[in-house]
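Notes follow once the structure below has been shown.
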Amino acid sequence: MVLAWRNHPAIRSYMLTQHEISLQEHRKWFERVQHDKTRQQLIVREGIEPIGFVQFNPVTPRGIADWGFYARPDAPKGSGSKLGQAALEYAFKDLGLHKVCGQAIEINAASIAFHQKMGFVEEGRLREQQRIGEKYHTLFCFGLLAKDWQAVQRTKDITDASN
Ligand SMILES: CC(C)(COP(=O)(O)OP(=O)(O)OC[C@H]1O[C@@H](n2cnc3c(N)ncnc32)[C@H](O)[C@@H]1OP(=O)(O)O)[C@@H](O)C(=O)NCCC(=O)NCCS
């Protein structure tokens, strides 16, 4: 299921590696990462329905990790927000991370807006860092600190309580 999502054109075209991944390559990757204690691969579900995939790497106590994610290609609008909320809550509360970092290719308007919506701050741009075919694309770098995430959650709680 994860391989089919990852290979879907709507997802693959925004990843840093864009070739179609074979089952053999996927199995090899999973063999490697599932035993690596510094990595977390997660399927996010809403009830019993899987809505997307998220990974954090490297995961260390009070550490700084990169995240990668995608919503299930046919997931309804709003799934990304649910996935992001659940994954970041897990990252900061359960994994105890200090900071989560993300990168988006300049052509990925959805991911750039998504990071901003989730409270990430743009921390820089790597100019013409990503080659796709003959073209070089800029990467947007985002960061979210645990304390900023907690502050946003407290504001949400107050808003929810007053509604
Ligand atoms: C990024 C992704 C997870 C968003 O999922 P989604 O289900 O569309 O998310 P939501 O409907 O909850 O929207 C959340 C926010 O994302 C942004 N967004 C989503 N689709 C967008 C689009 N087509 N254009 C611009 N912004 C968009 C908006 O900020 C939106 O908030 P809003 O609806 O309040 O404006 C999904 O598009 C995806 O999996 N993309 C392919 C994989 C990918 O790019 N992964 C990230 C690599 S860096």
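The values are calculated or read from the model by the stated rules, or taken from the named source; none is laboratory data. Computed from a predicted model, the values in this text were never measured in an experiment. Cβ placement follows ideal geometry from the backbone for every residue including glycine, while neighbour counts extend to all protein chains displayed. With ligands, DNA and RNA removed, areas are computed over all heavy atoms of the protein, side chains included. Shrake-Rupley method; radii C 1.70, N 1.55, O 1.52, S 1.80 Å.
Considering only residues that are over 17 Å from the mean Cα position of the chain (by Cα) and of a type in the set (D, E, K, R), look in segment 1-45 and name the one that is modelled with the lowest pLDDT.
Top of the filtered list is LYS37.
Selection of segment 83-107 for residues being touching a residue at least 40 places away in the same chain (Cβ under 8 Å), closer than 13 Å to PHE69 by Cα and either of a type outside the set (A, V, I, L, M) or more than 7 Å from the ligand (Cβ to nearest atom) (or both) yields ALA86, ALA87, LEU88, VAL100, CYS101, GLY102, GLN103.
Among the residues of segment 45-76, write down those that are touching a Pro at 6+ places or on another chain (Cβ under 7 Å) and either open to solvent by less than 30 Å² (accessible area, probe 1.4 Å) or closer than 17 Å to GLU89 by Cα (or both). Scanning segment 45-76 gives a single hit, ALA65.
Hey, can you tell me all the residues within segment 129-146 that are in a strand (DSSP E or B) and either aliphatic (A, V, I, L, M) or touching a helix residue (DSSP H, G or I) at 6+ places or on another chain (Cβ under 6 Å) (or both)? Of everything in segment 129-146, those that are in a strand (DSSP E or B) and either aliphatic (A, V, I, L, M) or touching a helix residue (DSSP H, G or I) at 6+ places or on another chain (Cβ under 6 Å) (or both) turn out to be ILE132, LEU139, PHE140, PHE142, LEU144, LEU145.
Give the residue that is farthest from the ligand (Cβ to nearest atom), with candidates limited to residues of segment 115-145 that are under 14 Å from PHE69 (Cβ atoms), free of Cβ contacts under 8 Å to residues at least 40 places away in the same chain and open to solvent by less than 30 Å² (accessible area, probe 1.4 Å). Result: PHE120. Here TRP149 clears all of (1) open to solvent by less than 20 Å² (accessible area, probe 1.4 Å); (2) within 11 Å of the ligand (Cβ to nearest atom); (3) in a helix (DSSP H, G or I) except the condition numbered (2).
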